[in-house]
1. Within region 1-28, count every residue that is over 20 Å from Gly94 (Cα atoms) and under 29 Å from the mean Cα position of the chain (by Cα).
2. Among the residues of region 368-393, how many are over 21 Å from Trp304 (Cβ atoms) and of a type outside the set (D, E, K, R)?
3. Where residues in region 325-345 are surrounded by fewer than 17 Cβ atoms within 10 Å (Cβ to Cβ) and either free of Cβ contacts under 8 Å to residues at least 12 places away in the same chain or in contact with a Gly (Cβ under 6 Å, 6 or more places away or on another chain) (or both), which of them is farthest from Gln388 (Cα to Cα)?
4. Which one is most open to solvent (accessible area, probe 1.4 Å), of the residues in region 199-236 that are over 21 Å from Tyr39 (Cβ atoms) and β-branched (Val, Ile, Thr)?
5. I'd like to check something: does region 241-263 contain any residue that is surrounded by fewer than 20 Cβ atoms within 10 Å (Cβ to Cβ), under 26 Å from the mean Cα position of the chain (by Cα), outside the structural domain of Ala43 (by the TED database) and not β-branched (Val, Ile, Thr)?
6. Across region 275-324, which residue is surrounded by the most Cβ atoms within 10 Å (Cβ to Cβ) among those that are within 30 Å of Asp256 (Cβ to Cβ) and either among the β-branched types (Val, Ile, Thr) or within 30 Å of the chain's Cα centre (by Cα) (or both)?
7. Run down Val161, Val155, Val121, Val115 and say which single residue is surrounded by 17 or more Cβ atoms within 10 Å (Cβ to Cβ), touching a Lys or Arg at 6+ places or on another chain (Cβ under 8 Å) and not polar (S, T, N, Q).
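The values are calculated or read from the model by the stated rules, or taken from the named source; none is laboratory data. Bear in mind that the values here come from a model prediction, so they are computed numbers and not experimental data. For neighbour counting, all protein chains shown are included, and Cβ atoms are generated from backbone atoms with ideal geometry for every residue, glycine included. Heads up: the accessible areas ignore ligands, DNA and RNA and are worked out on the full protein's heavy atoms, side chains in. Shrake-Rupley method; radii C 1.70, N 1.55, O 1.52, S 1.80 Å.
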Amino acid sequence: MAEYEVIADQEAAAAAASRLAAGHGPVAVDVERASGFRYSQRAYLIQVYRRGSEVFLFDPPAIGDMSALQAAIGDEEWVLHAASQDLPSLREAGLEPPRIFDTELAARLLGHERVGLGAVVEQTLGITLAKAHSAADWSTRPLPQGWLEYAALDVLHLIDVRDALAAELDEQGKTAFAEEEFEAVRTRAPKPAREEPWRRLSGLHTVRGRRALAVARALWTAREEYAREEDVSPGRLVPDRSLVAAVIADPASKQDLARVKDFTGRASRSQLDRWWSAIETGRADPVLPPERGPGDGMPPPRAWADRNPAADARLKTAKPLVDARAEELHMPTENLLTPDLLRRVAWNPPTEITAESVGRALIELGARAWQIEQTAQVIAAAFVDSVQSPDAASETAS
């Protein structure tokens, strides 16, 4: 196995970029973060490979300015696996692809049962990759040689995988589908921030009362602020279950909080003043949160039969037909059309049901042209049938 070095200064980064620019064809790119260890989702290692060159391992925090790499590969197709996970970290480092090939997404569209990188490499090339360090803390310095070997292998075979999947897409007539999906991933806007992110606290459903919820909100906010300051994953400071335990215990004093057995975590006692202050803030907050968080105006499908029987009939009639179309195309239903899009158009359909009107509604919801081409007529026919034969579909759609 080759010895790998981490590029950690701009001079070495410029030299590596020059060698990558002299290579040919697409560029394989991967990112290693420190999820679960750090607060940020920044790239702590960026691996790049191109034929006619070699694997280079870049340390973005140490290098700082990554413009030399962007200039070297910024006009080429970038090959990534699960690009939606890596693109935000790459952009934070100043790296932006002009077009991409996503090997995970391609495998999904092709109907591969397993789409993790190791599985796709094995299926296409017959090579087995060790995944021993996938959950490692990549902010560690220096990085062990074993980790670097693992990281290099993530890109070393990726171009060959890309070519194998591209041929398979062509054989199945899905090249145009894939190109639309790749571009949608590349250009997708970041998700807007959650209106009340504190409601994602695990175990929050056990907290009763609006005042207790205000305390939970204040504790979550205090932990978030501290985690950001320290660049540490919030759960490594105080786990969700510990914050919820503190709320439920309803301690009368800081000392009582310290005695709560289930209030654990490495910062639970060292930052006791911080947590007690948050509890007092929540108890004094004049703006109490509602018992339930903001919704999107659409109830869960299990409630549709009572809340909106017509929508329930549309969904129950359309869903198995969309599932069947996905099976014909040998791909998961969620890649043909996400369940959320189908539910939304079933809940709020066009006034006049035609393939064209359903297609326009799907476009507004964010569906791609190929998805509409494959599903709009099927959905429109199902919606019409749901009115003509209200008992045609009896199984619950989810």
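1. As a first pass, look at region 1-28 and keep what is over 20 Å from Gly94 (Cα atoms): 1-5, 22-25.
Add one more test, that the residue is under 29 Å from the mean Cα position of the chain (by Cα), and what stays is 25.
The qualifying residues number 1.
2. Residues of region 368-393 over 21 Å from Trp304 (Cβ atoms): 368-374, 376-377.
Now restrict to residues that are of a type outside the set (D, E, K, R): 369-372, 374, 376-377.
The total comes to 7.
3. Going through the qualifying residues, I end up with His330.
4. Ranking the candidates gives Thr206 first.
5. Here is the first cut: in region 241-263, the residues surrounded by fewer than 20 Cβ atoms within 10 Å (Cβ to Cβ) are 241, 245, 248-262.
Now narrow it down to the ones that are under 26 Å from the mean Cα position of the chain (by Cα): 241.
Narrowing the set further to residues that are outside the structural domain of Ala43 (by the TED database) leaves 241.
Pick out the ones that are also not β-branched (Val, Ile, Thr) and you get 241.
Within region 241-263 (the criterion being surrounded by fewer than 20 Cβ atoms within 10 Å (Cβ to Cβ), under 26 Å from the mean Cα position of the chain (by Cα), outside the structural domain of Ala43 (by the TED database) and not β-branched (Val, Ile, Thr)), the answer is yes, since at least one residue qualifies.
6. Kept after step one, since they are within 30 Å of Asp256 (Cβ to Cβ), are these residues of region 275-324: 275-293.
So of that shortlist, the ones also either among the β-branched types (Val, Ile, Thr) or within 30 Å of the chain's Cα centre (by Cα) (or both) come out as 279, 281, 287, 289-293.
Values: Ile279: 22, Thr281: 16, Val287: 7, Pro289: 18, Pro290: 9, Glu291: 10, Arg292: 8, Gly293: 15.
Across region 275-324, the extreme among qualifying residues is Ile279.
7. Numbers: Val161 fails: touching a Lys or Arg at 6+ places or on another chain (Cβ under 8 Å); Val155 fails: touching a Lys or Arg at 6+ places or on another chain (Cβ under 8 Å); Val121 fails: touching a Lys or Arg at 6+ places or on another chain (Cβ under 8 Å).
The match here is Val115.
One line per residue, one yes/no per condition, for (1) of a type in the set (S, T, N, Q); (2) in the same structural domain as Pro60 (by the TED database); (3) at negative phi:
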site: Ala83; (1), (2), (3): no, yes, yes
site: Ser89; (1), (2), (3): yes, yes, yes
site: Gly94; (1), (2), (3): no, yes, no
site: Leu109; (1), (2), (3): no, yes, yes
site: Ala119; (1), (2), (3): no, yes, yes
site: Gln123; (1), (2), (3): yes, yes, yes
site: Gln172; (1), (2), (3): yes, yes, yes
site: Ala176; (1), (2), (3): no, yes, yes
